[in-house]
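For reference, the structure discussed in these notes is given below.
The values are calculated or read from the model by the stated rules, or taken from the named source; none is laboratory data. Keep in mind that this is a model prediction, so the values were computed, not measured. Note: ideal-geometry Cβ built from the backbone for every residue, glycine included; neighbour counts use all protein chains shown.
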Amino acid sequence: MHKGYFGDYGGMFVPELLMPPLLEVEKAYEEIVPTKSFQDRLNQVLRDFVGRPTPLFRCPNLSAELGFDLWLKREDLAHTGAHKINNTIGQGLLAKMMGKTTLMAETGAGQHGVATATAAAMLGLKSVVFMGAIDVVRQAHNVHRMKLMGCEVIPVHSGTQTLKDAINAALRHWISEQASTHYCFGTAAGPHPFPLLVRAFQSVIGREAKAQMLAATGRLPDTVVACVGGGSNAIGMFHEFVPHPEVEIVGVEAAGTGEPGCFHSAPLNVGTDGVLHGMLTKLLQTKEGQILPSHSIAPGLDYPGVGPEHAHLQAVGRARYESVNDSQALAAFSTLCRKEGILPALESSHALAWVLANRETIRPGSQVAVCLSGRGDKDMGIIAEAEAKGLM
Ligand SMILES: Cc1ncc(COP(=O)(O)O)c(C=O)c1O
């Protein structure tokens, strides 16, 4: 593999002013992350602050109904309610060791912003979060959480005023503040080394899931499933299983409303190769290379690009990427609430919806492990709106 590439995808497509901070992060990733002292400190914080390991839970009622074992990797039970904290703790610790005083991030749904503000508060760092002005209004609850933890939330008024524009603003800000600031990128995307760095901190999900599955059943899962926004919970779940060809790997993108011609958020299903946010990957774009707006009922899946490693795993046939629409995700959300007493994030509901939609084709008796990337409390406003519109 060429450095920073996954097959044909990845790279560092950035203005030259961004090369010094990226090379500094690359050096820290190579020289600090593998050390015993860093790993010991990381594992201690993941255990005592984040609450790891998260359980691998076999759904008793749905498993009986479906005829195969449905397992959930419970990232919803991690501190702050989603997998995002695994990454922000890792990058926060690294930033401290690099001598930085500020953790900066972008956020769309606000989960990564909350996780960044949380890690920064615990580690004694300042936090600054860029957020599209529309998302600031849509995700007011998470904005409030960030501010309570001392975070400066900067609304971005350019472009579509959502995640894509927040990333652009954060990258620009980093150019001027690189001496004091680490850019804590929120997903396994962006320019090298972020896809590798975020994978390094999220792969704890799959490592734990593999050990837990072996302890519970004596074998590996037949299928692992995760939703794909930028791709961090998915690569975290998948990475450990990639070398095991007998384990089927399924990523699930958001098909939006599912109506013909509607906006969606499924670049691996319907996108084309192009460059965005410093990486070559699959994108939603016009023939002329203009980025198309994305849509999903799950705010954390609403992104027109995807991490380059997923584009590669798809290209080489090691993983397949499917999509489910908003109403399938809402139905899966309700099913998990009623049947198992777990209120999942709308993002995670997409992964579950794929399993429910494919129940007929999944071999009876098989073991299916779904990454439940987060809890749904943040989505209560969207759920209430969907109920009012008679969508569920
Ligand atoms: C709960 C949850 N799951 C999934 C995602 C999607 O991100 P990623 O694809 O990086 O895991 C998000 C993003 O905010 C999220 O909050």
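Residue 110 - would you say it is at pLDDT 95 or above, buried (at least 20 other Cβ atoms within 10 Å of the Cβ) and assigned by TED's automatic domain parsing to the domain that holds residue 129?
The answer is no for residue 110.
Residue by residue, here is whether (1) touching a strand residue (DSSP E or B) at 6+ places or on another chain (Cβ under 9 Å); (2) under 18 Å from residue 326 (Cβ atoms); (3) of a type outside the set (A, V, I, L, M) holds:
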site	(1), (2), (3)
209	yes, no, no
243	no, no, yes
257	no, yes, yes
270	yes, yes, no
281	yes, no, yes
286	no, no, yes
292	yes, yes, no
311	yes, no, no
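Under the condition of being away from the ligand (no atom under 16 Å from the Cβ) and at negative phi, which residue from region 218-237 is surrounded by the fewest Cβ atoms within 10 Å (Cβ to Cβ)?
Top of the filtered list is 219.
Any idea which residue in region 357-379 is nearest to residue 137 (Cα to Cα), counting only those that are part of a helix (DSSP H, G or I) and in contact with a Leu (Cβ under 8 Å, 6 or more places away or on another chain)?
379
Consider only pairs whose beta carbons are under 6 Å apart and that are at least six residues apart or on different chains; among these, list those whose first residue lies in region 44-60 and is on the phi < 0 side of the Ramachandran plot and whose second residue is polar (S, T, N, Q).
56/212
Among the listed residues 162, 181, 116, identify the single one that is over 30 Å from residue 242 (Cβ atoms) and within 13 Å of the ligand (Cβ to nearest atom).
Residue meeting the stated conditions: 162.
Considering only strands (runs of 3 or more DSSP E) fully contained in region 9-117, which possess at least 1 residues that are over 18 Å from residue 184 (Cα atoms)?
Ranges flagged: 56-58, 69-74.
For region 178-196, what are the residues that are surrounded by fewer than 23 Cβ atoms within 10 Å (Cβ to Cβ) and either on the phi > 0 side of the Ramachandran plot or not in a loop (DSSP other than H, G, I, E, B) (or both)?
181, 196, listed by residue number.
May I ask you to say which residue of 23, 66, 72, 94 is in contact with a strand residue (DSSP E or B) (Cβ under 9 Å, 6 or more places away or on another chain) and surrounded by fewer than 21 Cβ atoms within 10 Å (Cβ to Cβ)?
Being in contact with a strand residue (DSSP E or B) (Cβ under 9 Å, 6 or more places away or on another chain) and surrounded by fewer than 21 Cβ atoms within 10 Å (Cβ to Cβ) holds for just one of 23, 66, 72, 94, which is 66.
Name the residues in region 54-63 that are surrounded by fewer than 20 Cβ atoms within 10 Å (Cβ to Cβ) and of a type in the set (Ser, Thr, Tyr), would you?
Across region 54-63, the qualifying residue is only 63.
Considering only region 96-107, I want to know if a residue exists there that is more than 10 Å from the ligand (Cβ to nearest atom) and either under 22 Å from residue 213 (Cα atoms) or assigned by TED's automatic domain parsing to the domain that holds residue 338 (or both).
Looking for residues that are more than 10 Å from the ligand (Cβ to nearest atom) and either under 22 Å from residue 213 (Cα atoms) or assigned by TED's automatic domain parsing to the domain that holds residue 338 (or both), one finds none in region 96-107, hence no.
Out of 122, 146, report the one residue that is hydrophobic (A, V, I, L, M, F, W, C), assigned to a helix (DSSP H, G or I) and within 14 Å of the ligand (Cβ to nearest atom).
Exactly one of 122, 146 is hydrophobic (A, V, I, L, M, F, W, C), assigned to a helix (DSSP H, G or I) and within 14 Å of the ligand (Cβ to nearest atom), namely 146.
Please indicate, with yes or no, whether at least one residue in region 298-309 is over 30 Å from residue 381 (Cβ atoms) and either buried (at least 18 other Cβ atoms within 10 Å of the Cβ) or touching a helix residue (DSSP H, G or I) at 6+ places or on another chain (Cβ under 7 Å) (or both).
yes
With the requirement that a residue be out of contact with any Phe, Trp or Tyr (no Cβ under 6 Å at 6 or more places or on another chain) and crowded, with 19+ Cβ neighbours inside 10 Å, what does region 164-177 give you?
Correct list: 164, 165, 167, 171.
Based on what the data block shows, is residue 137 surrounded by fewer than 21 Cβ atoms within 10 Å (Cβ to Cβ), β-branched (Val, Ile, Thr) and away from the ligand (no atom under 16 Å from the Cβ)?
Considered against the rule, which asks whether it is surrounded by fewer than 21 Cβ atoms within 10 Å (Cβ to Cβ), β-branched (Val, Ile, Thr) and away from the ligand (no atom under 16 Å from the Cβ), residue 137 comes out as yes.
Suppose we filter 119, 82, 78 for residues that are touching a His at 6+ places or on another chain (Cβ under 9 Å) and modelled with pLDDT of 95 or more; which single one remains?
82
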